[in-house]
Amino acid sequence: MPTRTLKTLCLASVVAACAGAAAAQSPSAPDLSARIPSVIPKVEEEVARGMRLFDIPGVAVGIISGDKLVYGKGFGVRSKGGKEPVDTKTVFQIGSATKAFLAATLAISVDKGAFQWDSRVVDLEPTFQLKDPWTTREFRVFDLIAQRSSLPPYVNDVLTALGYDEPQIVRSLRYAEPISSFRSAFSYTNVTHLLAGRMVARQRGVADWNALVAKDILGPLGMKDTSWTAETISAAPNHAMGNRWTPKGSVEIPFDSSFPYLLGPAGNLNSNVEDASRWLRLQLGNGTFEGNRIVSPENLAATRVARVGVTDTMSYAQGWALTQTPHGRVIWHNGGTSGFGTHMGFLPDYGVGVVVLSSLENQGFADALAMTLYDTLIGNPPTDHVKIAFDRAQANAASTDKRFTRPANAAASPDLAGLAGTYGSDMFGDTLVERKDDGLLLTLKDTGAKLTLQPFDGSIFLVHLVGEGKFAPVAAMGGDAPLGFMDFQADANGKLATMTWLYDDTQSYPFKRK
């Protein structure tokens, strides 16, 4: 799966959003319920414009106020070229909006005495290990999903595309080079959430996090259409199909059982507007739903405490982003999988929640629509969030194309036969590199995944995933976008010694020649 696609699972459009700290509706805050009908025409106008600009087949929107879903509507169709309409029961992948559900299960577990927020992770999960021993010892429960781990952004997410299983993905954290000091900088990761899900499930004595979220949240809230596998969303009679974005239009893609589902509580839930509205009602109810206490106000509030700064107006808590706007706070999270973009958020001081589900990988539309709604409701200065998101998507696509365009004066590649052989990696295991046509073919022996290495510039080769067998849906998601570069290097004696996978700007993976 291409670098671009893997990075859509989470906070892909941070700059366009909203959020704040934990609080129930302030007694002094104005009641916005009477104002909501007046903003609906603007919302529907922006939905239509965004669907046209981004070529989004289907969108569903919900607004919660006064402990009720006061507005819910579907737009467009469930599949590109299809005729079945989207409605409030249509199921979409919600991606990283799942992270707030993980935060709630941690809070409930603290309520139940399974552990404390400041419990050491290594005491609860003895196999936990990072490269730095001090960070390993000091990592606490409240660090697991606070996005300040010191690890590279999206650390080792690529393993989900290459067929590695959950234990191997979690274990891979010990090989990651830190890029900052612990707790000092925002760095968005997913694998730490997979670890958190394993840990909380084990401490609560259930099979896995999916069973726990069903027990703690989905069941009590009556979220009967929410699930966590590719099989369940594809079998749902009313579900949307996902789409990959390109500047020339969206492309429908198949569901894949690996991404985002292998990342568990980092992004594996599927849901719809009606179920999501129940989740936001719990948040607005400060842990109470329809008279039943689900989680204590104190520990729910802990999930909304700022843990690390992102910008001068935005910080990250646990499973929630917090943004201060001119006239109020917004607590929110977006979600982006290979085919869907989501926003779930609320205005804690006004008692209003918003859910936006779309059948297009996250290019910022869902956040832009939600932010337009928040601004209009609370009187922030008008901003064309949808146009800003669209221009950013176009610019990002142009930048990616430029990076992977072979230089006109590219140096010739080394002798391909001389680069063939077996290479070993602590994280990936043994790999076989063979000459194939005018390039090389790399096979990961542990999973069978194959990568083509195409000459790019001298010793540097362009990496692509081969879309065969179980990897066909993964490759289709990315539309043949590259997975970075492979660089072959010689030792001091001029003998080929290593190849390094330059996956992105912060992650590189060395392989030693055997």
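Hey, what do the phi angles of region 333-341 turn into as Karplus ³J(HN,Hα) couplings, whole Hz, using 6.51/-1.76/1.60 and θ = phi - 60°, x for Gly and Pro?
Whole-Hz 3J(HN,Hα) from phi for region 333-341: 8, 9, x, x, 10, 5, x, 9, x.
Pull up all non-local amide H partners of GLY58: gap of 5 or more, or a different chain, and H-to-H distance under 5 Å with H placed in the peptide plane.
Those qualifying (amide H under 5 Å, at least 5 residues apart or on another chain) are VAL77, SER359.
When the label point is put 7 Å from the Cα of PHE404 along its Cα-to-beta-carbon vector, which residues of region 132-159 have a backbone N closer than 16 Å?
158
Per 0.36 nm of contour for each residue apart, how much would the distance between LYS512 and ASP67 grow if the chain were fully extended, relative to their Cα-Cα spacing?
In short, 154.4 nm is gained.
Got the relative contact order for region 21-112 handy, in percent, Cα pairs under 8 Å and 6 or more residues apart?
For region 21-112, the relative contact order is 16 percent.
For region 30-39, what does the Karplus curve 6.51 cos²θ - 1.76 cosθ + 1.60, with θ = phi - 60°, yield as ³J(HN,Hα) per residue in whole Hz, taken in order and with x for Gly and Pro?
x, 7, 8, 4, 6, 7, 4, x, 6, 8
Which value in nm describes the separation of the simple spin-label points at THR127 and LYS83, placed 7 Å from the Cα toward the beta carbon?
5.2 nm
Take the alpha carbon atoms of region 349-406, find their center, do the same for region 244-309, and report the distance between the two centers in whole angstrom.
Measuring centre to centre over Cα atoms gives 18 Å.
Ignoring ligands, DNA and RNA, what percent of the accessible area of region 116-248 is carbon or sulfur (1.4 Å)?
52 percent
Quote to one decimal, in nm, the extra length available between VAL206 and ASP384 on full extension: 0.36 nm per residue of separation minus the C-alpha distance between them.
Residue separation times 0.36 nm, minus the Cα-Cα distance, leaves 59.4 nm.
What part of the accessible area of region 326-481, given as a whole %, is carbon or sulfur when the probe is 1.4 angstrom?
52 percent
Under a cut-off of 23 Å between alpha-carbon atoms, report the lysines in cross-link reach of LYS248, not counting same-chain residues fewer than 8 places apart.
LYS7, LYS80, LYS83, LYS387, LYS402
Using a 1.4 Å probe, what is the accessible area per residue for the chain, in Å²?
Per-residue accessible area for the chain comes out at 36 Å².
Could you give me the ³J(HN,Hα) list for region 481-497, computed from phi with Karplus coefficients 6.51, -1.76, 1.60 and θ = phi - 60°, whole Hz, x at Gly and Pro?
These are the phi-based 3J(HN,Hα) values: 5, x, 9, x, 10, 10, 10, 8, 10, 9, 7, 5, 8, x, 9, 4, 10 Hz.
So for the pair SER33, ALA420, with labels modelled 7 Å out along Cα→Cβ, what separation do we get in nm?
7.4 nm
What is the extension gain from GLU252 to GLU298, computed as 0.36 nm multiplied by their sequence separation minus the C-alpha to C-alpha distance, in nm to one decimal?
Gain on stretching GLU252 to GLU298: 12.2 nm.
Per residue of the chain, what 222 nm ellipticity follows from adding -39500 (n - 2.57) for every DSSP H run with n ≥ 4, rounded to the nearest 500?
So the helix-based figure for the chain works out to -8000 deg cm²/dmol.
Name the long-range amide H neighbours of ALA497: under 5 Å, sequence gap of 5 or more, or other chain; modelled H, no Pro or chain starts.
GLN489, ALA490, ASP491
The values are calculated or read from the model by the stated rules, or taken from the named source; none is laboratory data. Treat the numbers as computed from the prediction; the structure is a model and nothing was measured. Note that we place each Cβ from the backbone using ideal geometry, even for glycine, and neighbour counts take in every protein chain shown. For accessibility, only protein heavy atoms count, side chains too; no ligands or nucleic acids. Shrake-Rupley method; radii C 1.70, N 1.55, O 1.52, S 1.80 Å.
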